[in-house]
Amino acid sequence: MAPETSEKLKFLAWGIGIGIIGCLILGFAAFGWVTGGTAQERIDEAVLPLAAEICVSKFKADSDFEKHLAALKKEESWKRDGYIKEKGKWAVMVGDDASKYGVAGACVEKLSDLLK
């Protein structure tokens, strides 16, 4: 290979590398690109209020609502989300095997007026 060809290839490689790095920096800094983990966190945060409302509705629609409400009132406040998750699985959304983080706690918070 001619010396000037290898020199051109070296500049091309550097240009491509700098271009890729520049696109990544610009994309994440200016265009709002995020990683998959950050995107999932934002989705979970946005869906949490809706999931809590569904949990409350499922809890209130339970055939043994009064019994469960009395039992939930007897639980210590820090154990109530565990009761919501484990007893009736009200915090588990359709299609999930377990409740997502924070749903049971938000559900208990929305039920707080009933727990007084």
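Would you be able to say whether some residue in region 40-57 is touching a Phe, Trp or Tyr at 6+ places or on another chain (Cβ under 8 Å), surrounded by 10 or more Cβ atoms within 10 Å (Cβ to Cβ) and free of Cβ contacts under 8 Å to residues at least 24 places away in the same chain? No.
Could you tell me which of the residues GLY95, GLY88 is modelled with pLDDT under 95, over 30 Å from LEU24 (Cα atoms), crowded, with 16+ Cβ neighbours inside 10 Å and outside the structural domain of ILE25 (by TED's automatic domain parsing)?
Numbers: GLY95 fails: crowded, with 16+ Cβ neighbours inside 10 Å.
Selected residue: GLY88, the only one of GLY95, GLY88 that is modelled with pLDDT under 95, over 30 Å from LEU24 (Cα atoms), crowded, with 16+ Cβ neighbours inside 10 Å and outside the structural domain of ILE25 (by TED's automatic domain parsing).
For region 70-79, the condition holds for no residue, the condition being that it is surrounded by 11 or more Cβ atoms within 10 Å (Cβ to Cβ), acidic (Asp, Glu) and assigned to a helix (DSSP H, G or I). Selection of first residues in region 90-106 that are farther than 12 Å from LYS58 by Cβ and of second residues that are in a loop (DSSP other than H, G, I, E, B) and of a type in the set (Val, Ile, Thr), restricted to Cβ pairs under 9 Å at least 6 apart or on distinct chains, gives the following pairs, ordered by first then second residue: ALA98/VAL92; LYS100/VAL92.
If the condition is being outside any helix (DSSP H, G or I) and out of contact with any Ser or Thr (no Cβ under 8 Å at 6 or more places or on another chain), then region 80-89 contributes LYS87, GLY88.
The values are calculated or read from the model by the stated rules, or taken from the named source; none is laboratory data. Worth saying up front: this structure is predicted, and the values here are computed from it rather than measured. With ideal geometry, Cβ positions are generated from the backbone for all residues, glycine too; neighbour counts draw on all protein chains shown.
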